[in-house]
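The values are calculated or read from the model by the stated rules, or taken from the named source; none is laboratory data. Note that this is a predicted model, so its numbers are computed, not measured. Glycine also receives a Cβ, built like all others from the backbone with ideal geometry; neighbour counts cover every protein chain displayed. Heavy atoms of the whole protein, side chains included, go into the accessibility calculation; ligands, DNA and RNA do not. Shrake-Rupley method; radii C 1.70, N 1.55, O 1.52, S 1.80 Å.
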Amino acid sequence: MDPKFTLFTILIIFIFSPAVAYDPLDPSGNITIKWDVMSWTADGYVAAVTMNNFQLYRHIGAPGWTLGWQWAKKEVIWTMVGSQTTEQGDCSKFKGNIPHCCKRNPTVVDLLPGVPYNQQFANCCKGGVVSAWGQDPSASVSAFQVSVGLAGTSNKTVKLPKNFTLLGPGPGYTCGPAKVVPSTVFLTTDRRRKTQALMTWNVTCTYSQFLASKNPSCCVSFSSFYNETITPCPTCACGCQNKKNNCIKSDSKEAHRKGVNTPRKDNSPLLQCTHHMCPIRVHWHVKLNYRDYWRVKVAITNFNYRMNYTQWTLVAQHPNLNNVTQVFSFDYKPLVPYESINDTGMFYGMKFYNDLLMEAGPQGNVQSEVLLQKNKDTFTFKQGWAFPRKVYFNGDECMLPPPDTYPFLPSSANVNPVTFFTLVASVLLVILSIC
């Protein structure tokens, strides 16, 4: 076989395989779903299922996660605490006690806040909303308890569930097979005794933006104090397929009618008509230049009338983010996936102040300013250096304008001060010699 053909085939499989989900800004980010068998029952087991979001800046927003799998045998779910299946399935063969779910491939969702205490489980009942680990580690976990019947009753006879799926809340996640791992160890409340699960297996799910959507979900525009030109988002940056039938103008009566902000069951957007047709636009404005510092204004605008964004995150990559002096209206955390490189940071809203980005309209934007200290060896306004290399909103990469459209530094601003003063001195000498 031709080695070139073999290499080409491997590359094609790697590029187009749905399991490929690598994020260079968060190389180890994933969602790990852990099953801990806590006890054996007469016909199965009781397991605590814990979902840990180890992604630095990608959270699961409303309407929350949906978890599915396929049973290896003919298992049923007798009871659940902290969650529920969306369908019961056909349980007609059971008499007396009826299982919670008899489907071969159950689909599970989190319970809503405010359910009775006897239906709650630790870290449950948040409507499926899970924070990013880098934003709020304490809220980056969701859990429930499940009692499984018609299953194995020992480590040797239990068959692991398979074909796991995760929606968070939309597509994009690919889950690997369940793998048995060392049993989880627990500490008692007085922290004086250790106990452990009878059996533990993990499922790892990774995210791919290419699987989530064929088009980006956000775009970036640029402007600066040294050039009047505003570089807009690229035309049709997020696809223009909705422009004719599913967008409304901001000044139309439709934009102000009652119920325009009501979400649909299928989460379909209702966008404001723009040339870019993106739900989210991020604007980066180079605002001021000081001797030792420079200042940037960042604004995020929502163009979706049916969606507000809770616990939103904005990630930017720029070489000067290694020296952030102050962020004025957002919270900020440096992201250092590679210890030797500190050029990426995460911005997110301050709790109870601007952590909610409202629907499209007068209130549908949040903004902040960032003060950065200059590195005299690298700082420049030339060739678009002052603008970010990458921008992500809620974990999805935004489309940047083409580099040749960036606001350029006027030629007059490039005058070498030494040359200028030399010229002035020469002119003065000529004048004095004439006099």
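Structure above, values below:
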item: Enumeration of residues in segment 59-92 that are in contact with a Phe, Trp or Tyr (Cβ under 6 Å, 6 or more places away or on another chain) and in a loop (DSSP other than H, G, I, E, B); result: 82
item: Residue check, residue 247 open to solvent by 30 Å² or more (accessible area, probe 1.4 Å) and of a type outside the set (S, T, N, Q); result: no
item: Tally, over segment 343-359, of residues that are in contact with a strand residue (DSSP E or B) (Cβ under 7 Å, 6 or more places away or on another chain), surrounded by fewer than 16 Cβ atoms within 10 Å (Cβ to Cβ) and not hydrophobic (A, V, I, L, M, F, W, C); result: 0
item: Residue within segment 157-167 that is open to solvent by 70 Å² or more (accessible area, probe 1.4 Å), free of Cβ contacts under 8 Å to residues at least 24 places away in the same chain and within 21 Å of residue 81 (Cα to Cα) present; result: no
item: Residue within segment 175-192 that is touching a residue at least 40 places away in the same chain (Cβ under 8 Å), of a type in the set (Phe, Trp, Tyr) and surrounded by fewer than 19 Cβ atoms within 10 Å (Cβ to Cβ) present; result: no
item: Filter result for residue 41 (under 22 Å from the mean Cα position of the chain (by Cα) and either of a type in the set (Val, Ile, Thr) or modelled with pLDDT of 95 or more (or both)); result: no
item: Some residue of segment 113-125 being open to solvent by less than 80 Å² (accessible area, probe 1.4 Å) and within 18 Å of residue 41 (Cβ to Cβ); result: yes
item: Meets criteria (of a type outside the set (Ser, Thr, Tyr), over 23 Å from residue 380 (Cβ atoms), open to solvent by 40 Å² or more (accessible area, probe 1.4 Å) and touching a Cys at 6+ places or on another chain (Cβ under 6 Å)) for residue 281; result: yes
item: Residue that is most open to solvent (accessible area, probe 1.4 Å) [pool: residues in segment 360-384 that are assigned to a loop (DSSP other than H, G, I, E, B) and without any contact (Cβ under 8 Å) to a residue 40 or more places away in the chain]; result: 376
item: Some residue of segment 93-110 being open to solvent by less than 40 Å² (accessible area, probe 1.4 Å), outside any strand (DSSP E or B), out of contact with any strand residue (DSSP E or B) (no Cβ under 7 Å at 6 or more places or on another chain) and without any contact (Cβ under 8 Å) to a residue 40 or more places away in the chain; result: yes
item: Test: residue in segment 298-316 that is in contact (Cβ under 8 Å) with a residue 24 or more places away in the chain, open to solvent by 40 Å² or more (accessible area, probe 1.4 Å) and among the aliphatic types (A, V, I, L, M); result: yes
item: Among the candidates 240, 236, 219, residue that is open to solvent by less than 30 Å² (accessible area, probe 1.4 Å) and either in contact (Cβ under 8 Å) with a residue 60 or more places away in the chain or within 28 Å of residue 59 (Cα to Cα) (or both); result: 219
item: Test: residue in segment 68-80 that is touching a strand residue (DSSP E or B) at 6+ places or on another chain (Cβ under 6 Å), open to solvent by 70 Å² or more (accessible area, probe 1.4 Å) and farther than 26 Å from residue 313 by Cα; result: yes
item: Selection from segment 133-153 of residues that are among the hydrophobic types (A, V, I, L, M, F, W, C), assigned to a strand (DSSP E or B) and within 23 Å of residue 102 (Cβ to Cβ); result: 144, 146, 148
item: Among (1) in contact (Cβ under 8 Å) with a residue 24 or more places away in the chain; (2) surrounded by 11 or more Cβ atoms within 10 Å (Cβ to Cβ) - the single one residue 262 does not satisfy; result: (2)
item: Subset of segment 151-177 [within 18 Å of residue 36 (Cβ to Cβ) and small (Gly, Ala, Ser)]; result: 151, 152, 154
